[in-house]
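One structure is given here, and the rest of the page talks about it.
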Amino acid sequence: MQFPSSVRFRFGFRLRTLAVVAAATLAGTAFAQGAFPSKTITIVVPYPAGGSNDTFARQVAKELGDELKQPVIIDNRPGASGNTGTGQVARATPDGYTLVAVSSSMTTNAAVQTRLPFDPVKGLAPVAMFAKGPFIVAVNNEFPAKTPAELIAAIKAKPGQYNYASSGSGSVNQFGTELLKAKVGDLQIAHIPYKGMGPAVTDLIGNQTQLLISSGPSLLPMVRAGKLRAVGITSLTQSPVAPDLTPMAVAVPGYEFELWWGLLAPAGTPGDVVGKLNTAVNRILAKPAIAANFLREGAIATPLTSAQFGTVIADDVERWKKLARQQNITAD
């Protein structure tokens, strides 16, 4: 059937118009994706201001704003051992503008809390690791040990007569100490959970408890003041965090316990957005001033790809679930 020339003209014009509109739409979409970020980025810290998560997040946020040419702000949303703020980010729009700064305590929480408001592996997208840091193994000044080997020998010599402190049941401190017990195999030392690190350190100084494994910022000031004695460090080899301390692995082969800190996004965040954030964070971690600041806080800047960071998280969740079952670690 032959259409009049005027009809053919109008039909062809409409097709060309649709093609132009479609091309413009695709170009606009591509431009919008490539323009990330185009507005303020919020990093949620699911803990109060002043802790290690907050400290590292603020240092990275300042530099990240310079790298990406957009404001990056910190929003502290504490509650439920970090689960409240982390859960809110897991439910946020997956566009890269709402992130959460977490530590490996998220994975120990997952091992003992069956009703988290998020899935630490499937509900969040790994963006970048900030740092890793070993823990300090400290005793009070009355305890008869100055080295890792002497610590293990002293506890074995009086099974069940000593106890160790933690900042709470199911805390990362408890996991670190129970991992030590599991590696030794027959280390009989009871657990005393406290409500926070402050009272745990106070009672360690007063000899109400004899052992505490915790971060450098929690313990090293008391060690340097002569109120506590550091007998070892939980890194597999000597660490720049405390180069004068002997690794516990010298007396307990294979024992290693390190905390990590990093940045996550809601699951479903576009890969190119995650990649841009990862590249920017890793450039920040390569700066000597940032690495030095982290080291003063007891951590070592650790740039990883987002995939590598995701593997760390998934492996940790499984490892801590296994240890929790083996050592009967609970959150209650």
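The values are calculated or read from the model by the stated rules, or taken from the named source; none is laboratory data. It should be emphasised that the depicted structure is a prediction, and the values quoted were computed from it without experimental measurement. Here Cβ is always computed from backbone atoms with ideal geometry, including for glycine, and neighbour counts include all displayed protein chains.
Return the only residue of Gln88, Gln2, Gln70 being at pLDDT 95 or above and outside any helix (DSSP H, G or I).
Among Gln88, Gln2, Gln70, only Gln70 is at pLDDT 95 or above and outside any helix (DSSP H, G or I).
Collect the residues in the range 221-268 that are in contact with a Gly (Cβ under 7 Å, 6 or more places away or on another chain) and among the aliphatic types (A, V, I, L, M), keeping them in residue-number order.
If the condition is that a residue be in contact with a Gly (Cβ under 7 Å, 6 or more places away or on another chain) and among the aliphatic types (A, V, I, L, M), then Val241, Ala242, Leu245, Met248, Leu259, Ala265, Ala267 are the ones that fit.
When the range 306-332 is examined, which residues are found to be surrounded by 16 or more Cβ atoms within 10 Å (Cβ to Cβ) and within 30 Å of Arg283 (Cα to Cα)?
Ser306, Phe309, Gly310, Val312, Ile313, Asp316, Val317
Scan the range 248-264 and report the pairs whose first residue is under 30 Å from Val60 (Cα atoms) and whose second residue is at pLDDT below 95 and assigned to a strand (DSSP E or B), with Cβ atoms within less than 7 Å and a gap of 6+ or a chain change.
If the second residue must be at pLDDT below 95 and assigned to a strand (DSSP E or B), the pairs left are Leu259/Ser215.
What about Pro240, is it touching a Leu at 6+ places or on another chain (Cβ under 7 Å) and closer than 26 Å to Phe130 by Cβ?
In short, yes.
When the residues of the range 130-178 are filtered to those that are out of contact with any Lys or Arg (no Cβ under 8 Å at 6 or more places or on another chain), assigned to a strand (DSSP E or B) and touching a residue at least 60 places away in the same chain (Cβ under 8 Å), which remaining residue is surrounded by the fewest Cβ atoms within 10 Å (Cβ to Cβ)?
Checked the range 130-178; the qualifying residue surrounded by the fewest Cβ atoms within 10 Å (Cβ to Cβ) is Lys132.
Of everything in the range 201-257, what is among the β-branched types (Val, Ile, Thr), assigned to a loop (DSSP other than H, G, I, E, B) and either within 23 Å of the chain's Cα centre (by Cα) or at pLDDT below 95 (or both)? Give them in sequence order.
Thr234, Thr237, Val241
List, please: which pairs have Cβ atoms under 6 Å, are six or more places apart or on different chains, and start with a residue in the range 67-92 that is in the same structural domain as Ser103 (by TED's automatic domain parsing) and touching a residue at least 40 places away in the same chain (Cβ under 8 Å) and end with one that is small (Gly, Ala, Ser) and surrounded by 15 or more Cβ atoms within 10 Å (Cβ to Cβ)?
As it stands, the answer is Glu67/Ala280; Leu68/Ala280; Ala90/Gly123, since those pairs meet every condition given.
So which residues in the range 257-273 are among the acidic types (Asp, Glu) and touching a Lys or Arg at 6+ places or on another chain (Cβ under 9 Å), if there are any at all?
If the condition is that a residue be among the acidic types (Asp, Glu) and touching a Lys or Arg at 6+ places or on another chain (Cβ under 9 Å), then Glu258 is the only one that fits.
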